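S.K.: Take a look at this one; I'll ask things after.
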Amino acid sequence: MKKRLGLDIDGTITDPATFIPYLNQHFNQHLTFNDLLEYDLTTVLKISEMEFSKWMDEHEPTIYSNAEFAKDAEETLREWSKKHDLVFITARRKHHEEVTTAWFNERSLPFTHIELVGGHNKIEAVREQQVDVFFEDKHDNAVAIHEEFNIPVILFDTPYNRMPAPEGVIRVSGWKEAREWVNKWLLATTKP
């Protein structure tokens, strides 16, 4: 039975360390992935939201265009796309639609739908797209989606999202573990 898999993009299907080289270069830092103990990079960098917003406006297209897949994500998504709908729901702002779609097309990565919500609240997009499971790296998004829809949410473990989560938020170390969990869940939910 076909399922609708809802997926975040940045830090979920793309390598969660994608931003680090850009941050280090521009802000003259020596950050490692393990230094990102908070999702809010203004706190990590000790800069204002205005300064960070200006930096993002300038650098987002380059970062998004050059982002690499998270380990094992590409293979997993290609496998699932043969039997399921892949619905990407991202916090990216609408004016990044072209660069986002180009990234998918350049990699020939199948998708059913891509929604740029322009902020971190993905609840309405998840409701509209009626996804059966969601994949996320932002802790509060994962918890909110699970609590609103009572669907499993796969939370990819990162230094910035290690707060406790309810039982329906499944923490995984990477795409290999996510694939194993979801494939078992698919078998359990598609039995007659």
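Only the coordinates and a few stated rules stand behind these numbers; no lab work does. Only a predicted model underlies this, so the values are computations on that prediction, with no experimental measurement involved. Here Cβ is always computed from backbone atoms with ideal geometry, including for glycine, and neighbour counts include all displayed protein chains.
S.K.: Kindly provide the set of residues from the stretch 136-160 that are of a type in the set (S, T, N, Q) and under 15 Å from residue 5 (Cα atoms), ordered by number.
M.R.: The answer is 150, and nothing else.
S.K.: Show the residue pairs meeting these rules: Cβ distance below 6 Å; 6+ apart or different chains; first residue within the stretch 1-17 and closer than 13 Å to residue 182 by Cα; second residue among the charged types (D, E, K, R).
M.R.: Pairs that qualify, where the first residue is closer than 13 Å to residue 182 by Cα and the partner is among the charged types (D, E, K, R), are 3/132; 4/85; 4/132.
S.K.: If residue 26 meets every condition in (1) under 26 Å from residue 172 (Cα atoms); (2) in contact (Cβ under 8 Å) with a residue 24 or more places away in the chain; (3) surrounded by fewer than 18 Cβ atoms within 10 Å (Cβ to Cβ) apart from one, which number is that one?
M.R.: So the condition that residue 26 fails would be (1).
S.K.: Provide a single number: the residues in the stretch 169-185 that are in contact with a strand residue (DSSP E or B) (Cβ under 9 Å, 6 or more places away or on another chain), loosely packed, with under 14 Cβ neighbours inside 10 Å and assigned to a helix (DSSP H, G or I).
M.R.: The total comes to 1.
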